[in-house]
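Q: There's a structure below that I have some questions on.
Values quoted throughout were computed directly from the atomic coordinates according to the rules given, and no laboratory measurement underlies them. Bear in mind the structure is a predicted one, so any value in this text is a computation, not a measurement. We place every Cβ from the backbone using ideal geometry, glycine too, and count neighbours over all the protein chains shown.
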Amino acid sequence: VQEHHQEAQQRTQVHQARVLQRYQSQNYQPHRYQIDDPVLLRHPAPLAFEHKWYGPFRVHAMFPNNTYHL
């Protein structure tokens, strides 16, 4: 039983490494906004007849890690 558990753990680690590599190799580039750019915010959990987006808001300040003050 312990051997099967270790084999399963190894397969899981290999799979996770492949998924991470695939994710990192997609050349993901986040949006870059400038001050005074209009942006929309996604509603986190809209109900059936609510809008999925709300705004527009203006970017007032830019911070590290691709974060903004609206």
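Q: Helix 2-24 against the longest principal axis of the chain: what's the angle in degrees, Cα atoms only, rounded to the nearest 10?
A: So the inclination is approximately 30 degrees.
Q: Projected onto the charge dipole of the chain (+1 at Lys/Arg Cβ, -1 at Asp/Glu Cβ, origin at the Cα centre), which of 4, 35, 66 gives the Cα projection farthest towards the positive end?
A: Of the listed residues, the answer is 35.
Q: Quick check: residue separation of residue 27 and residue 65 times 0.36 nm, minus the Cα distance between them. What number comes out in nm?
A: So the chain would gain 12.0 nm between residue 27 and residue 65.
Q: Another question, then. Looking at the calculated P(r) for the chain, what percent of the C-alpha pair distances fall above 19 Å?
A: 63
Q: Using the count of nearby Cβ atoms within 10 Å as a rough guide to exposure, how do 68, 23 rank from fewest to most?
A: So the ranking, lowest neighbour count to highest, is 23, 68.
Q: Assuming R0 = 30 Å, can you tell me the calculated FRET efficiency for the pair residue 40 and residue 19, based on Cβ-Cβ distance, to the nearest 0.05?
A: Once the sixth-power term is evaluated, E becomes 0.50.
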